[in-house]
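The values are calculated or read from the model by the stated rules, or taken from the named source; none is laboratory data. This is a predicted model, so every value here is computed, not measured. No Cβ is skipped: glycine too gets one built from the backbone with ideal geometry, and neighbour counts run over all protein chains shown. When the accessible area is computed, the model is the full protein with side chains, heavy atoms only, and any ligands, DNA or RNA have been set aside. Shrake-Rupley method; radii C 1.70, N 1.55, O 1.52, S 1.80 Å.
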Amino acid sequence: MLRIFNIIQKNLKLLIRSKASASIIILGPLLLVLLVGLAFSGSSLNNINVGVYSSSYSELTNILVTTMQDNQFVVTKTTSELECIQGVKYGKFHVCAVFPPDLSVGTANITSTIVFHVDYSRVNLVYSILDTISKKVSVKASELSGELVQVLLDTLENSRISLIEKKDSITELSTSASQTKRDADNIVSEANALSLTFNINQTEEDLNTLENLTNSTSALNIIDDIREDFDAFNTGLAASLEAKQKIKEQGTAISDASTASTQKLTQLKSSTETIIGNIESIKIRERETILNPIKTQITPISEKKSHWNYLFPTLLIIMVAFVSLLLATSLVTKEKATKAYFRNFITPTSDIIFLLGTYLSCLFILVVQLIIIFGQAWYFLRAELLSVLGVVSIFIILIASIFILIGMVIGYLFKSQETAVLASMSLAGFMLFFSNTILPIESIPPSLKVLASFNPFVLGEAVLKKLILFQAPFSALAFELYMLIGYLLLFLVLTILAKEFTKRKIS
Amino acid sequence: MRKGPPYIEFEGITKKYGNTLVLDNLTLSIPYGEITGIIGPSGSGKTTMLNLLIGFVKPNKGRILFQSRNIIKDFSNVTTLFGFAAQEFSFYTDLTIEENLAYFGNLYKLKKSEIKLRTDELLKLLEIDYARKTIARSLSSGMGRRLDIACSLIHNPKVLILDEPTQDLDPILRKELVATIRKVNKERETTVIITSHLLGEIDEMCDTIGILYKGHIVKMGTPSELKKFYNMKTMDEIFTSIVKKSERPTVHVTENQFKTKIKEEEKKVISIFGHNLNKK
């Protein structure tokens, strides 16, 4: 035990006295984490440059452009669509929004499609930008839609009220029409009852008889006068009969028209009632409900936090992987390069003690760094960390041990420090690329995805995410735990073999 | 001058690296308490012989006995009773003299108090006590060699093996080191095995000299015995005659020849720089 401590002490002294190594290996990752912590302590995007273009800026376009301009977005109007798109290509803009000319709502024959030109090569940014900018535009679009919907709703309500009001008038009209029909029928009936028959021939015969009976001139004159009066009466009677006939016809026509009107008014009333009923049957009259009949709500399974919170497990695994690999490789190659390396072999100290010494030296430095990082993380993740700190520590030590052993294997196998460090960097980069850090592993072909899922980096990241973000119980980590233990044993054996290989090389 | 029976014995040792035969049926006896020198041209197998002795490499054939016990079977003795200083310095240049000794002492399972005691003793013996807090990187070649020997002696070994310890040292430092080795041999009764191709100092320092050539010991004896046997005055002459006799194709460079060659090279360098400077 004392010898292990002695080796650790020596390794730390050597590392600290080599100022360049110390600053790169010890301070580098800490600085990185500190900067990342400061940079990603928020949850929004910053300084997103948006290029906009429209051949004719309408009031609505200007409103949308103004909506986009805030702390997050710097909006620049370009003189042409090409300039705007080129701006994205050359990195001047993160996104280019091309507005249709004279963009307005409700104007026929004018397209209202806003085209966003984005650079998909910036895969890690493009979705965030699109999401943010779409939200901004859709907020304004929703406002406009809301206004339009409100107009429709108001019109509909006014119509309903108006129809209800007019429904009584229709009823009155219908009643009037019925009354008119009845009156007309009465007129016809009374006209029919009106008798305008007069036997003029009998009267003529009577007057002729009377004329034959008298020779009195006066009487005859009177008879002539009577005859003239009868002619006049007869003429009047004929006119009355004609008028009666007309009254009957027109009364019938009025009656028929009133019947038709009554029927139509009944239909109109019915239709009005149906329309009113239909309008009243519309239950959803809230503007928001009509605008978004189906509401989606994204509820995070963990509490909404800053980028730092989500990044923390990944950051932790990156730091653990890179520091462990590089530190172990560096320590082993440095040790191999020292002239004292040979002397170690001829002491009565076994190889395992040296391996343990190197391993624990790396672990010690890593633990110191982790304490600092956890101190920083404490500010953001106090509650989450407190409950899982013990389990997280066990897993971090397990993960770190694997990477340290990998680093040691590389250190023992490669001749020069430069190539060994390069190999470590390459391996770390390889593991980083085949993980969820840059792109989700779901984006790689299934066969490679299976391989990537066994990547110690992926396993480590999964474990830390489950633990830190979701406080997963130990039982939920069984697969990762067994895999990591398997890796630990494998690389332990490989490290022993690699050290033996180095020994043979020296001899 | 032999002080006892064979302490270390090489019995028919053969060592090959691939197809290259380095040691060919080597047989050698090293007495207790003496300084035994092994001389031979570069590539004659001196270092391999020492590596075999410390158990760092294993022979293809034969055995090495230490106090009549096979060192391979009794390796723990080798590590605790042998001290070894390789051709190149074997200490951490970023540690101080004291830290190096403490580190290696610890690897030899010494207690803290023992380490302190032996460090003090050794630093006084090797006359580098004043620089005990100095980072090894800043030590001169001579001091570096002394530290290397100190590291080899920290566990108080019975046998000190030195592989070309005076290489790269100037004549004054070489003389000092030779005196130091003698001091260690005498004061601590440490058996010293030393290899070198600098024959003058071997002649001066060693009680017994073995001439290693083409993988085996050609002749072994005290310097006076060897001179008498070959009827020659110096070890240089003896060595040259052996090499010539066996018609060795490669040329062995003696210490004097080496010095002459160095002086010639130095002159060339000076003339080149002088010429350049004049031009400027």
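For residue B:172, the criteria (1) within 14 Å of another protein chain (Cβ to nearest Cβ); (2) in a helix (DSSP H, G or I); (3) hydrophobic (A, V, I, L, M, F, W, C) hold in every case but one, which is (1).
Taking the criterion of being of a type in the set (Gly, Ala, Ser) and more than 20 Å from residue A:337 (Cβ to Cβ), the residues of the stretch A:385-432 that qualify are A:387, A:390, A:393, A:400, A:401, A:426, A:428, A:429. In this structure, residue B:19 does satisfy being out of contact with any strand residue (DSSP E or B) (no Cβ under 8 Å at 6 or more places or on another chain) and surrounded by fewer than 22 Cβ atoms within 10 Å (Cβ to Cβ). Looking only at residues in the stretch A:388-405 that are over 16 Å from residue A:364 (Cβ atoms) and at pLDDT below 90, the one that is most open to solvent (accessible area, probe 1.4 Å) is A:394.
Please go through the stretch A:472-507 and pick out each residue that is outside any helix (DSSP H, G or I), more than 14 Å from chain B (Cβ to nearest Cβ) and open to solvent by less than 70 Å² (accessible area, probe 1.4 Å). Scanning the stretch A:472-507 gives a single hit, A:472. Looking only at the stretch B:18-28, residues that are in a strand (DSSP E or B) and free of Cβ contacts under 8 Å to residues at least 24 places away in the same chain come to 1 in all. Would you confirm whether any residue within the stretch A:342-355 is within 14 Å of chain B (Cβ to nearest Cβ), modelled with pLDDT of 90 or more and open to solvent by less than 10 Å² (accessible area, probe 1.4 Å)? The answer is no, given that none of the residues of the stretch A:342-355 is within 14 Å of chain B (Cβ to nearest Cβ), modelled with pLDDT of 90 or more and open to solvent by less than 10 Å² (accessible area, probe 1.4 Å). Exactly one residue out of B:64, B:35 is modelled with pLDDT of 85 or more, of a type in the set (Val, Ile, Thr), surrounded by 14 or more Cβ atoms within 10 Å (Cβ to Cβ) and farther than 15 Å from residue B:163 by Cβ, and it is B:64.
Could we say that residue A:211 is of a type in the set (Asp, Glu), touching a helix residue (DSSP H, G or I) at 6+ places or on another chain (Cβ under 9 Å) and over 30 Å from residue A:260 (Cβ atoms) here? Considered against the rule, which asks whether it is of a type in the set (Asp, Glu), touching a helix residue (DSSP H, G or I) at 6+ places or on another chain (Cβ under 9 Å) and over 30 Å from residue A:260 (Cβ atoms), residue A:211 comes out as yes. In the stretch B:119-143, the residue that is nearest to the other protein chains (Cβ to nearest Cβ) out of those that are open to solvent by less than 10 Å² (accessible area, probe 1.4 Å), among the aliphatic types (A, V, I, L, M) and part of a helix (DSSP H, G or I) is B:136. Criterion applied to A:266, A:289 was being of a type in the set (S, T, N, Q) and either modelled with pLDDT under 85 or in contact with a strand residue (DSSP E or B) (Cβ under 8 Å, 6 or more places away or on another chain) (or both), and the one residue passing it is A:289.
Of all residues in the stretch A:460-470, those satisfying the criterion of being buried (at least 17 other Cβ atoms within 10 Å of the Cβ) and touching a residue at least 40 places away in the same chain (Cβ under 8 Å) are A:460, A:461, A:463, A:464, A:465, A:467, A:468, A:469. Does the stretch A:200-218 include one or more residues that are open to solvent by less than 70 Å² (accessible area, probe 1.4 Å), at pLDDT 85 or above and under 54 Å from the mean Cα position of the chain (by Cα)? No, that holds for no residue. Has the stretch A:417-438 got at least one residue that is outside any helix (DSSP H, G or I), closer than 17 Å to residue A:326 by Cβ, modelled with pLDDT of 85 or more and open to solvent by 70 Å² or more (accessible area, probe 1.4 Å)? No, every residue in the stretch A:417-438 fails to be outside any helix (DSSP H, G or I), closer than 17 Å to residue A:326 by Cβ, modelled with pLDDT of 85 or more and open to solvent by 70 Å² or more (accessible area, probe 1.4 Å). Considering only residues in the stretch B:197-225 that are free of Cβ contacts under 8 Å to residues at least 24 places away in the same chain and under 20 Å from residue B:33 (Cα atoms), the one that is most open to solvent (accessible area, probe 1.4 Å) turns out to be B:225. If you filter the stretch A:137-177 down to residues that are among the hydroxyl-bearing types (Ser, Thr, Tyr) and closer than 21 Å to residue A:281 by Cα, you find that the one that is most open to solvent (accessible area, probe 1.4 Å) is A:155. Annotation note: of A:363, A:331, the sole residue that is in a helix (DSSP H, G or I) and either within 14 Å of another protein chain (Cβ to nearest Cβ) or open to solvent by less than 10 Å² (accessible area, probe 1.4 Å) (or both) is A:331.
The number of residues in the stretch B:10-52 being within 24 Å of residue B:187 (Cα to Cα) and acidic (Asp, Glu) comes to 1.
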